[in-house]
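The values are calculated or read from the model by the stated rules, or taken from the named source; none is laboratory data. Keep in mind that this is a model prediction, so the values were computed, not measured. When we count neighbours, we look across all protein chains shown, and the Cβ atoms used for this are built from the backbone with ideal geometry, even at glycine. What goes into the accessible areas is simple: the full protein's heavy atoms, side chains included, and nothing from ligands, DNA or RNA. Shrake-Rupley method; radii C 1.70, N 1.55, O 1.52, S 1.80 Å.
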Amino acid sequence: SSGNIATAHLNDPDVDDERASLEAAAASTAVAGDGGQRYRGKPLTVKDVLSWRRLQLSRAKLKASSRTSALLSGFAIVAMVELEISSGSSSSTSSSPAAAVPSWLLVLFASSAALLIAVHMLALMISTCLLPNLESVSENDARTIRASPHDKMRFYIETSWIFSTGLGILLFLVVVVLQTWVKFYAVSKTAAIAATAIIAPVVVVFVVFALVFYHQLTLHKFRRAALMVERLQLDLRAFSAAGDDVKMV
């Protein structure tokens, strides 16, 4: 349970470091800006600092998403354009109608490549639309941080991140396998089988890594939140006890 986790890690020094860093970051905004000029606005609160951290994470996700989507979608388009398919109807002795690429394989390859391009284009569109609004937020301006749309647009940011780095990469590996079959089906099926045997374990490792990574990340966030809540409850109890002592005196 969350209470057991919090109690077991109650004295974790990372929690104190987390609180200290938040308080220091909020206090340090009293003097900020280029050239050592004093910041004239209201100092950032702990809530603003946490919002700024989420903003930084959203920026990093959108930047990684835009770069990955542009790169992989470009590869997919080039693969479709430059791919040469043997029809099997040539009079050459190296190919025969029986060795022609099946139509179902061509349909599967074309559909996967089109889906890959569509997924990455959607992720790229979201990143392109949202990133300028997040880049314009100033670190030392509480008003712009609070007006930033990164919390309201969190669903779209996560969608872009998952489409680009999760579903998009998985589809890219599938398209590579299908492309080898389309390319070498009429020439050497052994080459296509060899490529499939190499990429298939990579797909399995990719899926396992994604599941383990998100599980560990979620567990880490849960433990940090549970520890912070428990520490705040202890502080509240201590504050209430001190207030009772003052009333008794």
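A simple packing score, the average count of other Cβ atoms within 10 Å per residue, orders the peptides 173-180, 158-165 as 158-165, 173-180, with the highest score first.
Listed values for region 103-114 are Karplus-derived 3J(HN,Hα) couplings in whole Hz (6.51 cos²θ - 1.76 cosθ + 1.60, θ = phi - 60°), namely 5, 5, 5, 5, 5, 5, 5, 5, 5, 5, 5, 5, and x replaces Gly and Pro.
Residues in region 68-80 carry Karplus couplings, in order, of 5, 5, 5, 5, 6, 5, x, 4, 5, 5, 5, 4, 5 Hz; the curve used is 6.51 cos²θ - 1.76 cosθ + 1.60 with θ = phi - 60°, and Gly or Pro positions show x.
The stretch between Leu108 and Thr190 holds 27.5 nm of extra length on full extension. This uses 0.36 nm per residue minus the Cα-Cα distance. Would you mind classifying region 147-249 by shape? Square roots of the alpha carbon gyration tensor eigenvalues, ordered a ≥ b ≥ c; an a/c under 1.5 is rounded, otherwise it is prolate if a/b is larger than b/c and oblate if not. The shape class here is oblate.
Keeping all protein chains in place and using 1.4 angstrom, which order do Tyr156, Tyr185 fall into by accessible surface area, from largest down? Before the final figure, lay out each step's value.
On the way: Tyr156 110, Tyr185 45 Å².
The ordering from most to least exposed comes out as Tyr156, Tyr185.
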